[in-house]
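Below: the structure, in structure tokens.
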Amino acid sequence: MTPAQQLRRDIETCELPHSMFVEHLTALKRRIDDALAGFAPKVIRVPGPSGVGKSSLIANLSRDYPETRIEGRRHVPVLVVEVPHSATAKLLPKSVLRALGIQVPGSMTAGAMFDLMVTQLRLARTRVVIFDEISHLVDEGSRVPPRAASDWLKMLADALRMTLILFGIPRLERLFSANEQLRRRACPALNFLPYDATIVEEMVAYNSCVANYARLFSAAGYPIEVPTRVLTQQSYLLTGGLVGVLADFVRELASCMANEAPRAITYADCRKAAGYVSHAGSPHRLAFQDSDVDDAGVEPAALKQAYVHVLTSNATSVPVRKKSGGKQ
């Protein structure tokens, strides 16, 4: 394997234990452990923009609570269900059954399918169901009214005394605003937001993510010869604080080195890699577009604009909170 291939492999397999991810993972595992121990079930929702790291959370939870066999019987303590686009009352239980590996005939009624789903979840001794992309239930033009969709979730939680963890973009809040009974069964939203450029501690954490990736490049013989401040600020313009988009950028940067012997990575290389990444920040200030690294410093207002654009483009209100540690 060449140094460039090793670099790409290291980047592809890297999981950053960044602070927001660890905080949310810890909170969710506590709820899952409670459910598995037989304590009262809860409904937990994790709204956040695309690219913030929700899929990585789900992957880690799925890995930490795997399917097993106990005395020859299948045991699926935590089941991950992907909610399809344009889901209906019939497709929801069908999606759960598919996640359990059970195929059902298309002629089965919605009521019969719900009953079969409940039976199979009991047989699998499932205590927690994680719904990925639950916000599909309240997409524009959805065939399931928010009240009907939230009633279905409440009915599932009640029928099996089961903990539900709901992931999706912030639109999923419509499920809770439409159903006061579901709200009462739920914890406050566990919001998963990008790193905020106006909060010093959050920018320190974001910079730590950038630095961790930079160390992988240096270790492979491809040091990034861009000042740390510039690399952090320019990548933030691209990502708006979304670590998932940052991961896309560093993967593209490593890919650009595929046919290169070990050498220093320049600002021009970063500009080229950024051109292959969907720009998440504000379209009014694109990343790595300055002609020279010496002119690439970014004013705080532009960083804030990148963050706000990510939130507003994902139908998320900008949080009102005090800046800790002084101004960024």
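Just so you know, all these numbers are worked out from the coordinates, no wet-lab data involved. Since this is a predicted model, take the numbers as computed values, not measurements. For neighbour counting, all protein chains shown are included, and Cβ atoms are generated from backbone atoms with ideal geometry for every residue, glycine included.
Some points to look at:
- Descending semi-axes in Å of the stretch 140-256, equivalent ellipsoid built from Cα gyration tensor: 41, 15, 14
- Helix 300-313 axis, angle to the chain major axis (alpha carbon atoms, nearest 10°): 30 degrees
- With 0.36 nm allotted per residue and the present C-alpha distance subtracted, the A205-R229 stretch has 7.3 nm of extension available.
- Given K54/K94; K54/K154; K54/K304; K54/K272, the pairs whose alpha carbons are separated by over 25 Å: K54/K272
- Average Cα contact separation per residue, the stretch 179-278, under 8 Å, 6 or more apart, as relative contact order %: 28 percent
- Antiparallel content of DSSP bridges confined to the chain, in %, to 5: 15 percent
- For R9, R45, R285, order by how many other beta-carbon atoms lie within 10 Å, fewest first: R9, R285, R45
- Farthest towards the positive end of the charge dipole of the stretch 40-185, among the residues L61, G51, H85, is the Cα of L61, using unit charges on the Cβ of Lys, Arg, Asp and Glu.
- With N as its number of residues, the stretch 195-313 has a Cα radius of gyration that, divided by 2.2 N^0.38 Å, comes to 0.99.
- Under DSSP loop assignment and at most 12 Cβ neighbours within 10 Å, longest GluC sites (Glu not before Pro)-free interval of the chain: 141-328
- Gain on full stretching of the segment that runs from E299 to A189 - 0.36 nm per residue minus C-alpha separation: 36.4 nm
- The charge dipole of the stretch 158-249, taken about its Cα centre with unit charges on the Cβ of Lys, Arg, Asp and Glu (plus for the first two, minus for the last two), comes to roughly 360 debye.
- Extension gain for D33 to A261 (0.36 nm times residue separation, less C-alpha to C-alpha distance): 77.3 nm.
- Annotation note: chymotrypsin sites (Phe, Trp or Tyr not before Pro) in the stretch 245-322 located in DSSP loop regions with a Cβ neighbour count of at most 16 within 10 Å are Y276.
- Counting other Cβ atoms within 10 Å as a rough exposure proxy, the listed residues L216, L246 run L216, L246 from fewest neighbours to most.
- Shown here: the stretch 40-185, whose C-alpha atoms stretch 44, 36, 27 Å along the first, second and third principal axes, sorted largest to smallest.
- Rough spin-label spacing in nm, given labels placed 7 Å along Cα→Cβ, for T109 and M1: 5.6 nm
- Taken about its Cα centre, the chain carries a charge dipole of about 1380 debye when Lys and Arg each add +1 at the Cβ and Asp and Glu each add -1 at the Cβ.
- Calculated FRET value between N212 and S278, using beta carbons and R₀ = 25 Å, to 0.05: 0.65
- Once the Cα gyration tensor of the stretch 92-164 is diagonalised, semi-axes √(5λ) in Å: 20, 15, 12
- Think of the chain as a dipole: +1 on every Lys or Arg Cβ, -1 on every Asp or Glu Cβ, centred on the Cα centre; then among A4, A247, P227, A247 lies furthest on the positive end.
- Using the alpha-carbon positions of the stretch 232-296, Rg (one decimal) and Dmax (whole number) come out as 11.5, 36 Å.
- Residue-wise HN-Hα coupling along the stretch 207-218, computed from phi with Karplus coefficients 6.51, -1.76, 1.60 (Hz; x: Gly, Pro): 4, 5, 4, 4, 5, 4, 5, 4, 5, 5, 5, 4
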